[in-house]
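First the structure, in the form of structure tokens, and then the observations on it.
The values are calculated or read from the model by the stated rules, or taken from the named source; none is laboratory data. Since this is a predicted model, take the numbers as computed values, not measurements. Cβ placement follows ideal geometry from the backbone for every residue including glycine, while neighbour counts extend to all protein chains displayed.
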Amino acid sequence: MNWDRIPFICFKYNEEEQPLIEMIKALVDDYDKRISDNSNNLEDLPNGIYVVKNYSGTGGEDFRKNISTYRV
């Protein structure tokens with residue numbers, strides 16, 4: 001069978017024929033905003049100010065380098 005174009009079949013999601021995206025759009029937008037905020041926070045993390053007490057080991061510059069390099 002050859003079709004001139006691909007058929008579009010509508011599936012009813014509910015009796016009002018309300019699209020599913022209309023019901024979940026607010027949730028998707030909120031998810032996107034939260035992911036974006038978390039991503040920005042993780043990028044800014046190595047540039048923050050740290051107060052380290054009772055740390056014995058390497059010096060401050062080595063400590064800072066390890067945080068920015070290994071994120072630990």
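Values for this structure:
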item	result
Residue that is modelled with the lowest pLDDT [pool: residues in region 41-59 that are exposed (fewer than 10 other Cβ atoms within 10 Å of the Cβ) and in a helix (DSSP H, G or I)]	Asn47
Odd one out for Pro7 among (1) more than 25 Å from the chain's Cα centre (by Cα); (2) surrounded by 10 or more Cβ atoms within 10 Å (Cβ to Cβ); (3) of a type outside the set (A, V, I, L, M, F, W, C); (4) modelled with pLDDT of 80 or more	(2)
